[in-house]
Amino acid sequence: MMKKIKKLFLYLMIFTLLGCEDFLTGNLLDNDPNKVDDVSIVSIESLLVGSQVSMYGVMESYLNRMVTMIMQQMAGQKLEYYSDYNCSPIDRNTNGRWSAIYGTGGLIDIRTIQEKARDHEKYLVLGIAQMWEALIISTAADLWGDIPYSQAASSNYGSPTLDSQREVHEAVLELINDAINNFSMGQVQNFSSSYDFSFGGNANKWIAVAHTLAARIYLNWAEVDGVQAYENALFHAEQGVSSSNGTGDWKALHSTTNNEQSIWWQFTIKNNNYMGAGYLLVDMLENDNDDRLNIYFSGNPVVGVKPGETQFYGSDLNSNTYGSREYGVDFISWYENKFIIAECQHNLGDESSALSTLNSILVDLEAKWQAIEETCSLPRYENISGNNLLKAIMNEKYKAMFLNIQTWSDWRRTGYPDFIDSAGESTACSGGTPRRLLYPEKEKSTNPNCPTNDSIYDRVQNDPN
């Protein structure tokens, strides 16, 4: 798969032009996020290449880092990252990511790809672009709640209104269904697999991740929709990513070549000690005798940092795994899909199956990591039910979904992890755990429809209780 990057000079060019620290730096940080730029007359494939790289910047850089700090998988230790970790974020910090979602390379180009793909009956390309739109827009709604969508990326609306989180997710679910239909139609025109960095044009793998993403969205509404949400999520998860060998996972593609490395690696190598291991995750792994502690982090012992601590730095990411040059964040994975199934089974009253599914996930994850660390051992569970079973499912999902934005929605929905350490002490910030991101400063200043008095403790629509 890595050979595909080297064959595509556009990929390297985009990396180089957009900067090295965070994929998308420079001009994009200063653009009006509501201004629709002219899109040059370029091929669908070239736009797809550029959009994939841009979306890596959305899904792996600052927004990703921010969520890992909120969920205390990682700790912020310097300057504004210390403020972020102590629940005092600054709204200007999300300017660049917001522009990347909606601007050139983001929704503008993704919509152009879809339009051209329809015109040329390139249904596979159409489905791929629709899935990228579904991923970034559903993620944005998870992070902010109400966001511009129905009027976004359109020259007709200079100041788009904000759609409710429910409206956005319902529209995304329709988009996912359209993508599945397009994948099923086949590609009328020739398409080089090298342009699809995720699955090389494999429609069946795209259909599977589409179902898992739909399952995730339905599940995130379970606090509001109850049984119906669990039934819908289970229906899609049963058609979702199933192979535990990782070949069906939707993840970012990186290599050891200059300017193609992992965004996490690029950040940490140039921002020494800005981030380290978060206390809550380290404490949970230690308390459970979970060998992923030394797979995730380096150091002996591994040190995790609580909010407010300034006397030492947390351990770095393990340079052979999550801290490696080629590490790519898992956007959608087989283990998330199975955790969705386990949670649905539990909440639909089938606790025996839920416990069995949970342990089967741990068996497969243990096998995955034993390829790196022969002595890797993960917990197993027996004779638990009710809320103790749900707690086990969600805590294990939190540990497995390391560096994944979805962990925040899982916590809002279930309350797990509960930010209480093994000694019974709270690890949360003094004001509690944030529930959403602040709207970007530039969106507030350029779009009169954007709220200006928002708080990180405001509840989003699918998190009412």
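The values are calculated or read from the model by the stated rules, or taken from the named source; none is laboratory data. Fair warning: this is a prediction, and the values are worked out from it, not measured in the lab. Neighbour counts run over all protein chains shown; Cβ positions are idealised from the backbone, glycine included. We work out accessible area using only protein heavy atoms, side chains counted, and drop any ligands, DNA or RNA first. Shrake-Rupley method; radii C 1.70, N 1.55, O 1.52, S 1.80 Å.
Below, the figures for the structure above:
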read-out: Residues whose placed amide H lies under 5 Å from that of A252, excluding near-sequence neighbours; value: V329, F331
read-out: Rounded to the nearest 20 debye, dipole of segment 348-392 from Cβ charges on Lys, Arg, Asp, Glu; value: 120
read-out: Surface accessible to a 1.4 Å probe, T452 within the full protein complex, Å²; value: 100
read-out: Per-residue SASA entry for Y195, accessible area with 1.4 Å probe, Å² rounded to 10; value: 60
read-out: Equivalent ellipsoid semi-axes - Cα gyration tensor, segment 146-297, angstrom; value: 31, 24, 22
read-out: Only Lys, Arg (+1) and Asp, Glu (-1) charged, at Cβ; the chain dipole about Cα centre in debye; value: 900
read-out: Order by protection proxy (mean Cβ within 10 Å, highest first), peptides 312-321, 388-397, 120-129; value: 120-129, 388-397, 312-321
read-out: For M401, residues with placed amide H under 5 Å, excluding near neighbours; value: none
read-out: Under 28 Å between alpha carbons - lysine pairs in segment 365-465 that sit 8 or more apart or on different chains; value: 4
read-out: Segment 216-323 - charge dipole about Cα centre, Lys and Arg +1 at Cβ, Asp and Glu -1, debye rounded to 20; value: 440
read-out: Relative contact order of segment 171-291, defined on C-alpha pairs under 8 angstrom at six or more residues apart (%); value: 19
read-out: Spread of Cα-to-Cα distances over 20 Å intervals beginning at zero, given as percent, for the chain; value: 25, 62, 13, 0
read-out: Heavy-atom accessible area per residue - the chain, 1.4 Å, Å²; value: 38
read-out: Mean Cβ count within 10 Å, highest first, over the residues of peptides 288-297, 428-437; value: 288-297, 428-437
read-out: Packing-based ranking, highest mean first, of 330-337, 145-152 given that Cβ atoms within 10 Å are counted; value: 330-337, 145-152
read-out: By accessible area with a 1.4 Å probe, ligands and nucleic acids excluded, highest first: order of E45, E309; value: E309, E45
read-out: For M74, residues with placed amide H under 5 Å, excluding near neighbours; value: M69, G278
